[in-house]
1. Residue by residue through segment 56-100, note down the ones that are buried (at least 22 other Cβ atoms within 10 Å of the Cβ), out of contact with any Asp or Glu (no Cβ under 8 Å at 6 or more places or on another chain) and polar (S, T, N, Q).
2. If the requirement is being modelled with pLDDT of 95 or more, more than 16 Å from the ligand (Cβ to nearest atom), not in a strand (DSSP E or B) and not hydrophobic (A, V, I, L, M, F, W, C), which of these qualifies: Thr28, Thr104, Thr67?
3. Anything in segment 213-232 that is within 16 Å of the ligand (Cβ to nearest atom) and among the hydroxyl-bearing types (Ser, Thr, Tyr)? List them, or say none.
4. Test Gly130 against the criterion of being on the phi > 0 side of the Ramachandran plot and within 16 Å of the ligand (Cβ to nearest atom), and give yes or no.
5. If you take the residues of segment 200-212 that are under 17 Å from Glu172 (Cα atoms), within 16 Å of the ligand (Cβ to nearest atom) and of a type outside the set (D, E, K, R), which of them is surrounded by the most Cβ atoms within 10 Å (Cβ to Cβ)?
6. Among the candidates Asp94, Asp84, which residue alone is part of a helix (DSSP H, G or I), among the charged types (D, E, K, R) and either within 16 Å of the ligand (Cβ to nearest atom) or within 16 Å of the chain's Cα centre (by Cα) (or both)?
7. Taking the condition of being within 14 Å of Leu309 (Cα to Cα) and of a type in the set (Ser, Thr, Tyr), how many residues in segment 243-291 meet it?
8. Write out, first by first residue and then by second, each pair whose Cβ atoms fall under 6 Å of each other, whose residues are 6+ apart or on separate chains, and whose first residue, in segment 89-102, is of a type in the set (Asp, Glu) while the second is more than 10 Å from the ligand (Cβ to nearest atom).
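The values are calculated or read from the model by the stated rules, or taken from the named source; none is laboratory data. Quick caveat, the model's predicted, so the values are computed rather than measured. Here the Cβ positions follow ideal geometry from the backbone for every residue, glycine too, while neighbour counts run over all protein chains shown.
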Amino acid sequence: MGRTKNEQVGLDYWSLLRYFVFGPTRHTTIGVAMLLDVFNVDHGACALMTSSNGRRIMVDCGHHSETQWFPGNALNDREIFDLDRLIVSHFDEDHCSGIGNLLTKVHVHQLVFNGSTPSEIVRQMKAKQGMRQGTETLVRALEQTFTIPVSLHSDAYEFGDMSWSTFQNRYEPPYGFTDSNNLSLVTFVRCGPHKIIFPGDLEVAGWKQLLRNRAFVNELQGVTIFMASHHGRLNGYCEDVMDLCPQLDVVIFTDEGIRFDTQRTAALYRQHVSRGIFFAGKHRRVLTTRTDKSMRFELRAEGGGQVALNIAA
Ligand SMILES: [Zn+2]
């Protein structure tokens, strides 16, 4: 497990660096309530959360074409062979290109996605441009393996002090949403005072529709880590949403594959981050996989935590 730099989240939270023990045995590490890994997957998304009782949720499963980083291999390298949940925000290739490797190497117990886009709808949506390998593998997995829909409310799993919720727009032609970005499943993961939002590639129209849902508006309150929608592109930025998140520690772009597009939006997001991260003498409000590569957050139950950037994931 490589670490090159470590610093604080928030103002005065950390005194000691603690390592979480990865491995086949489920461990609890004193002081760390939850781990968040954001992997650098070129143009795409892949994040892993590990609860204090060792439960694991992955959101999206892209891969890195140049470094040949694949999610299943990466988990196996950490001696992880089980994933309690895989949440796929939507069916675009950059969010599922590593699924073949993941399903080969790791037992995924349950798969969560926007239930209004079952496999036959995805096949219709992708009929024009054709399905690439990751999407095809994902759709086949839905048809052959993950045939029972997951209900949040009948969840038999115990995720320690981590909990989660999802929101989605519905596939409703001819007047509702039919594009995969605005059908992104939005996931919130909570743990003590921390709350992370994963909006997939939701665009402004999709955000505005979700804002009509009072429960969604309420859930935005208290978000501390904001994964920027659509990898930080302008069409994923919704000012109304950001105004509802006044307690941000940091915004994260998964933008390595974009490079030139996100400079402007970084400035837009930065103004919404109240706290920021003190890292290597700098006050950072926006982290990006383009410059910071893979990153790991160790989040503490009492708030704050520690982040390592440029990690060998
Ligand atoms: Zn994407």
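1. Ser97
2. Thr104 is the lone residue from the list that is modelled with pLDDT of 95 or more, more than 16 Å from the ligand (Cβ to nearest atom), not in a strand (DSSP E or B) and not hydrophobic (A, V, I, L, M, F, W, C).
3. Ser229
4. In short, no.
5. Leu202
6. Result: Asp94 is the single residue among Asp94, Asp84 that is part of a helix (DSSP H, G or I), among the charged types (D, E, K, R) and either within 16 Å of the ligand (Cβ to nearest atom) or within 16 Å of the chain's Cα centre (by Cα) (or both).
7. Residues flagged as within 14 Å of Leu309 (Cα to Cα) and of a type in the set (Ser, Thr, Tyr) within segment 243-291 amount to 4.
8. Pairs found: Glu93/Arg132; Glu93/Gly134; Glu93/Thr135.
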